[in-house]
Amino acid sequence: MNIFIMGAPGSGKGTFSAQIKEEFNLNHISTGDIFRANIAGGTELGLAAKAYSEKGLLVPDEITNKMVKEYLNNLEDKKNGYLLDGYPRTLDQAKAFEEMTKGTDLEVDKIVLMDVSFDELTRRITGRRTCKKCGEIYNIYSKPTKVEGICDNCGSPLTQRKDDNEESLKVRLNEYANNTEPVIAYYEPKGIVSKIDASKSMEEIWPVLKETLKK
Ligand code: AMP
């Protein structure tokens, strides 16, 4: 099963990706995570992406498409397919991805759209805290840790993403409305998009999401 998980920043893509990956034994590919790792590591890709990413802007398609292509080419363990999180985010990316995968077993067959109101997104984004060590995602409002600022899983200090502030969020939501909503409109007529009401609690969303993917 090859899945795209789509939705605005803060819609729960990262949180649910971890659960989907476990449940269905998929390769999880998060373009945002790959960019962040490269920025932290000071690689050539990281240097190219940094200025855009930290402002909340999309990294240019040429750089992003090349990165995804390399990632797919190096996928050794195909498992049961992939879960692509945060890509494609522009029509150009969607078309480039189609080109890359046409006629292969990597064509996308399901898209889940995590649907949340813009007000709720702001609360989620500004409250989000992440553990860099084990990857667990928390929220100071809706999923606080037992000890403030410390990961429940591994005891490491939590960090806040550089782009998780109100100023960057405005830019990111703009990018989403202008570039990513047209991608959803492009896939909708193909009958593979399932919209999930992701403003509910995690406990309510997960069974719906799981059933949708099993269909
Ligand atoms: P995310 O973690 O998915 O919110 O992504 C964080 C940042 O990485 C975005 O704001 C962009 O700067 C960059 N990024 C991630 N995925 C893409 C993509 N598909 N196209 C362009 N930029 C991306």
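Report the antiparallel proportion of the DSSP beta bridges in the chain as a percent, rounded to a multiple of 5. Could you put the intermediate results ahead of the total?
Details: 7 of 24 bridges.
Once the DSSP bridges in the chain are tallied, antiparallel ones form about 30 percent.
To the nearest Å, what is the center-to-center distance of region 125-157 and region 20-82, using C-alpha atoms only?
Using only Cα atoms to place each centre, the spacing works out to 22 Å.
Round to the nearest 0.05 the FRET efficiency obtained for Ser201 and Asn153 when R0 = 22 Å and r is the Cβ-Cβ distance. Kindly include the intermediate steps, with their values, before the conclusion.
Values: r = 20 Å, r/R0 = 0.92.
The calculated FRET efficiency here is 0.60.
At what distance in nm do the modelled label points of Ser194 and Lys55 sit from each other, each positioned 7 Å from its Cα along Cα→Cβ?
Rounded to a tenth, the inter-label distance reads 3.9 nm.
Give the peptides 184-190, 110-116 in descending order of average Cβ contacts within 10 Å, highest first. Before the final figure, lay out each step's value.
Numbers: 184-190: 13.0, 110-116: 19.3.
Averaged packing, sorted descending, gives the order 110-116, 184-190.
Residue separation times 0.36 nm, minus the C-alpha to C-alpha distance between Ala37 and Asn174: what's the value? Can you show the working numbers first?
Numbers: separation 137, 0.36 × 137 = 49.32 nm, distance 2.43 nm.
Net length gain for the segment: 46.9 nm.
Could you tell me what percent of the accessible area of region 152-215 is made up of carbon and sulfur, with a 1.4 Å probe and every protein chain present?
On the way: 1830 of 3860 Å².
Answer for region 152-215: carbon and sulfur cover 48 percent of the accessible area.
Roughly how many Å² of Lys143 are accessible to a 1.4 Å probe, to the nearest 10?
For Lys143, the solvent-accessible surface is approximately 60 Å².
For the chain, what does the relative contact order come out to in percent, with C-alpha contacts under 8 Å and a separation of six or more? Please list the in-between numbers first.
Working: 299 pairs, mean separation 62.5, N = 215.
Once divided by the residue count of the chain, the mean separation gives 29 percent.
Separation between the Val208 and Lys95 pseudo-spin-labels, each 7 Å from Cα along Cα→Cβ, expressed in nm?
Inter-label distance under the simple model: 3.4 nm.
How long, wide and thick is the chain, going by the Cα atoms along their three principal axes, in whole angstroms, largest first?
Computed over the chain, the largest-to-smallest principal extents equal 50, 41, 34 Å.
Could you give the dipole magnitude of region 1-83 about its Cα centre, charging the beta-carbon of Lys and Arg +1 and that of Asp and Glu -1, in debye to the nearest 20?
Values: 9 positive and 10 negative charges, 26 e Å.
The dipole magnitude comes to about 120 debye.
If you stretched the chain out fully between Ser117 and Leu75, how much longer would it get, using 0.36 nm times the residue separation minus the C-alpha to C-alpha distance?
Gain on extension, Ser117 to Leu75, equals 11.6 nm.
When the convex hull of the Cα atoms of region 109-186 is projected onto a plane and the area is averaged over all directions, what value comes out in nm²?
Values: hull surface 26.3 nm².
Convex hull of Cα atoms, orientation-averaged projection: 6.6 nm².
I'd like to know how region 30-91 sits against the 2.2 N^0.38 Å rule of thumb: what's its Cα Rg over that expected value? Don't jump to the answer; show the numbers that get you there.
Numbers: Rg = 12.0 Å, N = 62, 2.2 N^0.38 = 10.6 Å.
This ratio for region 30-91 stands at 1.13.
The values are calculated or read from the model by the stated rules, or taken from the named source; none is laboratory data. Just so you know, these numbers come straight off a predicted model, no measurement behind them. Cβ coordinates were reconstructed from backbone atoms using ideal geometry, including for glycine residues, and neighbour counts include every protein chain displayed. SASA here: full protein model, heavy atoms, side chains in, ligands and nucleic acids out. Shrake-Rupley method; radii C 1.70, N 1.55, O 1.52, S 1.80 Å.
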